[in-house]
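J.: Here it is: the structure, laid out below.
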């Protein structure tokens with residue numbers, strides 16, 4: 001079976017024979033424009049072969065009343081969903097502390113997307129996350145949709161969340177994640193205006209890339225729903241070992257591709273889900289397996305964004 005890489009090589013030979021640029025030859029054959037960097041720069045700027053980016057959502061305590069949960073949503077109007085509240089409480093009482101210890105044992109640093117109201121409710125825990133070397137990224141002031149907000153309202157919503165994180169942790173967020181990735185038409189302009197470096201609300205690639213926002217470079221560090229505990233474990237009732245196996249298969253494929261292309265693996269954990277004993281054990285086994293592979297580096301998303309922005313070979317759109 002002919003691989004795409006061999007097909008590209010054939011395109012290169014065609015280009016040499018006809019005094020045409022190799023990538024132009026391939027583009028003509030494929031019917032789609034391609035960038036040379038996509039095929040000639042497999043290694044990251046620091047020499048890494050594959051970068052693994054881990055997210056740890058800090059949302060517990062910031063959820064609205066009667067928020068979504070594993071319980072049937074059939075409460076009579078006017079009554080509080082008390083069991084659901086305890087399910088969220090687990091995230092900051094047990095989940096994040098357990099994950100923090102696990103990250104230390106594994107020697108990796110993660111990015112924590114923090115809801116402003118959750119940070120204000122549990123300031124010591126938010127502060128501890130940063131003190132232990134992890135990135136504090138913005139996740140809005142509250143657990144609310146923002147895609148339908150007017151410009152100034154959305155700007156205040158984002159800025160209030162940033163200020164909450166900065167006040168409590170001393171860390172100024174440079175990365176952003178909208179609720180369920182649903183940013184609005186104005187979101188990127190607002191983020192650029194407020195001094196952010198990157199956002200993650202994009203599923204289109206398995207490597208970071210650069211876009212133009214307000215005529216300036218802005219980094220995209222892509223997210224991955226298929227490696228997300230809230231989608232798999234809560235949403236599809238995957239077991240911890242099924243989650244481990246699925247992400248392991250993702251890693252194996254991306255690691256193979258990383259011989260020829262710059263690749264990033266994104267894995268996401270939520271405080272109340274990823275911090276359960278079985279999921280922490282799954283993460284330990286999963287990341288220990290990855291660390292045995294040569295050239296694998298675990299990086300915070302702000303470090304990925306900075307490296308991408310400084311590297312002239314980073315993909316651009």
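Each value in this text was obtained by applying a stated rule to the coordinates, not by laboratory testing. All values reported here derive from a predicted model rather than from experimental measurement. Positions of Cβ are generated from backbone atoms using ideal geometry, with glycine treated the same way; all protein chains shown enter the neighbour counts.
J.: Taking each pair of distinct Cα atoms in the stretch 127-273 once, what is the resulting Kirkwood hydrodynamic radius in Å?
T.: Numbers: mean 1/r = 0.0597 Å⁻¹.
Hydrodynamic radius (Kirkwood, Cα only) of the stretch 127-273 equals 16.7 Å.
J.: Give me the extension gain from residue 109 to residue 249: residue separation times 0.36 nm, minus the current Cα-Cα distance, reported in nm with one decimal. The partial results should precede the final answer.
T.: Numbers: separation 140, 0.36 × 140 = 50.40 nm, distance 2.23 nm.
So the chain would gain 48.2 nm between residue 109 and residue 249.
J.: Mind giving me the FRET efficiency for residue 144 and residue 121? R0 is 22 Å, r the Cβ-Cβ distance, nearest 0.05 is fine.
T.: 0.90
J.: Let me ask something else. Could you tell me the center-to-center distance, by alpha carbons, between the stretch 289-309 and the stretch 92-116 in angstrom?
T.: What the calculation gives is 17 Å, centre to centre.
J.: Tell me, what is the FRET efficiency for residue 256 and residue 85 to the nearest 0.05, using R0 = 45 angstrom and their Cβ-Cβ distance as r?
T.: On the way: r = 45 Å, r/R0 = 0.99.
Once rounded, the FRET efficiency stands at 0.50.
J.: Once you have the Kirkwood Rh of the stretch 205-315 from its Cα pairs, apply Stokes-Einstein at 4 °C and 1.567 mPa s and quote D in µm²/s.
T.: Once the numbers are plugged in, D ends up at 85 µm²/s.
J.: Contour minus end-to-end for residue 217 and residue 317, with contour as 0.36 nm per residue of separation and end-to-end as the Cα-Cα distance?
T.: Length gained, residue 217 through residue 317: 35.0 nm.
J.: How much length, in nm to one decimal, is gained on full extension between residue 226 and residue 288, taken as 0.36 nm per residue of separation minus their Cα-Cα distance?
T.: The span from residue 226 to residue 288 would gain 20.3 nm if fully extended.
J.: Using only Cα atoms, what Kirkwood radius does the stretch 197-250 have, in angstroms? All intermediate terms of the calculation are to be shown ahead of the outcome.
T.: On the way: mean 1/r = 0.0785 Å⁻¹.
One over the average 1/r among Cα pairs gives 12.7 Å for the stretch 197-250.
J.: Which semi-axes, in whole Å and largest first, does the equivalent ellipsoid of the stretch 50-316 have when worked out from the alpha carbon gyration tensor as the square roots of 5 times its eigenvalues?
T.: The three semi-axes for the stretch 50-316 are 27, 25, 17 Å.
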